[in-house]
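Undergrad: Next up is a structure, given as structure tokens.
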Amino acid sequence: MKDTQDKWLYVISSKHRLIDFNFADIWRYRDLLFLFVKRDIITAYKQTILGPLWYVIQPLFTSVIFTLIFNNLGQIKTGSVDPFLFNLTGITLWNYFKQCLTGTSNTFTKNQNIFGKVYFPRVIMPISVTISNLLKLAIQLLILVGFYIYFLAVQGDDLIFNLIYMWLLPLYVLLMALFGLGIGMLLSAMTTKYRDLTVLVSFGVQLLMYLSAVPYPLSEAKGKFPNLVGKIVEYNPLSQIIEGFRFVVINVGALELNKLIITSIICVSIFLVGLVVFNKTEKSFIDTV
């Protein structure tokens, strides 16, 4: 008699490991992940008048405001680099982190209807948001390249692109993605019980930007801020990522490899912790949302 005891493809059980990253399930549902990425990109531009232009207008207007307030009024120096280009460089990478964080921080509450009907690894949702935001980052990077060429060729600014460190650019983007995704998953897990955290996220992100060396060089923070605030800004992982990104692109600031290694460890750790908490929350969140 033929043995019919085949292995089940999926087993739903109340027993689970203390630490579960669930990478196997994410890979198994990779086709669904790409479908969600496609959906996010299409819905972002559907029923809009300007479409992708919104992702051009926002960093340009923010850079102009920062230039007027911080550089012209606040007299913050940016070396030989035009203040507008300096601000645009920092804002471009910061926007990617902001979109990853805000787009993933309410995953459970935003998708509770679909989560309650069908099974798939819930972490696919925040990962798809992080990947789809790469398109917005690419659009803003093209704008940055355009202004870089303008200030270099037309204005004659002394701009230096550190080719020897060019390989660090995708690393900085990856670190931003991991950090934003990790914090976003942690907040998403907490918002299942504490809904008012969504208000705190939008408010806190704005404050965090000013502690992440976005509108000023890290050297200015060390010299002008009180010692405690200066240390917070200096050892903020976001400050190190943005400072390193600007160093490679416009040769402003400094690159400290020891701090880059520490920053990388922090970003990966935050992502893994967020992934574990998110996976544990998905097993019981439907009872609290």
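Laboratory data are not the source of any read-out in this text; all were calculated from the coordinates shown. A quick note: this is a predicted structure, and the numbers were derived from the prediction, not measured. A quick note on method: Cβ atoms are made from the backbone with ideal geometry, for glycine too, and the neighbour counts reach across all protein chains shown.
Undergrad: Using a Förster distance of 30 Å, how high is the FRET efficiency between Asp157 and Trp27, based on the Cβ-Cβ distance and rounded to 0.05?
TA: Working: r = 46 Å, r/R0 = 1.53.
Rounded to the nearest 0.05, the efficiency is 0.05.
Undergrad: If you bin every alpha carbon distance in the stretch 154-205 into 5 Å steps from zero, what whole percent lands in each bin?
TA: For the stretch 154-205, the pair-distance distribution reads 5, 15, 15, 14, 10, 11, 9, 9, 7, 4, 2, 0.
Undergrad: Order the peptides 194-206, 239-251 from the highest to the lowest mean number of other Cβ atoms within 10 Å of their residues. Display every interim value, and only then the final one.
TA: Working: 194-206: 13.0, 239-251: 24.7.
Descending packing order for the listed peptides: 239-251, 194-206.
Undergrad: Pairs of lysine in the stretch 40-194 with Cα under 22 Å and at least 8 positions apart or on different chains: total?
TA: Working: Lys46/Lys98; Lys46/Lys110; Lys46/Lys136; Lys98/Lys110; Lys98/Lys136; Lys110/Lys136; Lys110/Lys193; Lys117/Lys193.
Final tally of qualifying lysine pairs is 8.
Undergrad: I need Trp27, Trp54 ordered by Cβ neighbour count within 10 Å, fewest first.
TA: Least crowded to most crowded, the residues run Trp27, Trp54.
Undergrad: Say the dipole of the stretch 23-287 comes from +1 at the beta carbon of Lys and Arg and -1 at that of Asp and Glu; which of Ile262, Val154, Ile143 then lies farthest toward its positive end?
TA: Ile262
Undergrad: Is there a quick way to get the dipole size of the stretch 70-158? I mean about its Cα centre, with the Cβ of Lys and Arg at +1 and of Asp and Glu at -1; what is the value in debye to the nearest 20? Don't skip to the answer; put the middle values down first.
TA: Working: 6 positive and 3 negative charges, 131 e Å.
In debye, rounded to 20, the stretch 70-158 gives about 620.
Undergrad: Give me a comma-separated list of calculated 3J(HN,Hα) values for the stretch 77-93, in order, Karplus coefficients 6.51, -1.76, 1.60 applied at θ = phi - 60°, integers in Hz, x for any Gly or Pro.
TA: Here the 3J(HN,Hα) series is 8, 10, x, 7, 8, 4, x, 4, 5, 4, 5, 5, 5, x, 5, 4, 6 Hz.
Undergrad: In addition: Could you tell me the relative contact order of the chain? Use alpha-carbon pairs under 8 Å, at least six residues apart, and round to a whole percent.
TA: Details: 334 pairs, mean separation 74.8, N = 289.
That works out to 26 percent.
Undergrad: Per residue, how big is the convex hull of the stretch 146-288 when only Cα atoms are used? Give it in Å³.
TA: On the way: hull volume 20.1 nm³, N = 143.
Here the figure is 141 Å³ per residue.
Undergrad: May I pose another question? Using the Kirkwood radius over C-alpha pairs as Rh, can you work out the diffusion coefficient of the stretch 23-287 via Stokes-Einstein at 20 °C, viscosity 1.002 mPa s, in µm² per second? Mind dumping the intermediate values first?
TA: On the way: Rh = 19.5 Å.
Calculated translational D: 110 µm²/s.
Undergrad: If you don't mind, another one. Please arrange Ile26, Ile91 by how many other C-beta atoms lie within 10 Å of their C-beta, fewest to most.
TA: Details: Ile26 17, Ile91 24.
With the fewest neighbours first, Ile26, Ile91 line up as Ile26, Ile91.
Undergrad: Considering only the other residues whose Cβ falls under 10 Å of the Cβ of Lys259, what net charge follows from Lys and Arg at +1 and Asp and Glu at -1?
TA: Working: positive: none; negative: Glu234, Glu243, Glu256.
It works out to a net charge of -3.
Undergrad: I need Arg30, Arg122 ordered by Cβ neighbour count within 10 Å, fewest first. Could you put the intermediate results ahead of the total?
TA: Details: Arg30 10, Arg122 22.
Sorted ascending by nearby Cβ count, the order is Arg30, Arg122.
Undergrad: Using +1 on the beta carbon of Lys and Arg, -1 on that of Asp and Glu, and nothing else charged, what's the dipole of the stretch 177-289 about the Cα centre, debye to 20?
TA: Values: 9 positive and 7 negative charges, 20 e Å.
Rounded to the nearest 20 debye, it is 100 debye.
Undergrad: Same structure again: Using a simple charge model, +1 on the beta-carbon of Lys and Arg, -1 on the beta-carbon of Asp and Glu, nothing else, what dipole does the chain show about its Cα centre, in debye to the nearest 20?
TA: Numbers: 24 positive and 16 negative charges, 171 e Å.
Using Cβ point charges on Lys, Arg, Asp and Glu, the chain gives about 820 debye.
Undergrad: Sticking with this structure for a sec: Gain in length, Val118 to Val229, computed as 0.36 nm per residue apart minus the alpha-carbon separation, to one decimal in nm? Don't skip to the end; give the middle numbers.
TA: Numbers: separation 111, 0.36 × 111 = 39.96 nm, distance 4.70 nm.
Computed gain between Val118 and Val229 is 35.3 nm.
Undergrad: Which distance in nm do the two modelled labels at Val64 and Ser202 give, with both placed 7 Å along the Cα-to-Cβ direction?
TA: Computed distance between label sites Val64 and Ser202 equals 2.4 nm.
Undergrad: Right, here's the next one. May I ask you to compute the full-extension gain from Trp167 to Leu135, defined as 0.36 nm times their residue separation minus their alpha-carbon distance, rounded to one decimal in nm? Kindly include the intermediate steps, with their values, before the conclusion.
TA: Details: separation 32, 0.36 × 32 = 11.52 nm, distance 1.97 nm.
Result for the pair: 9.6 nm of gain on full extension.
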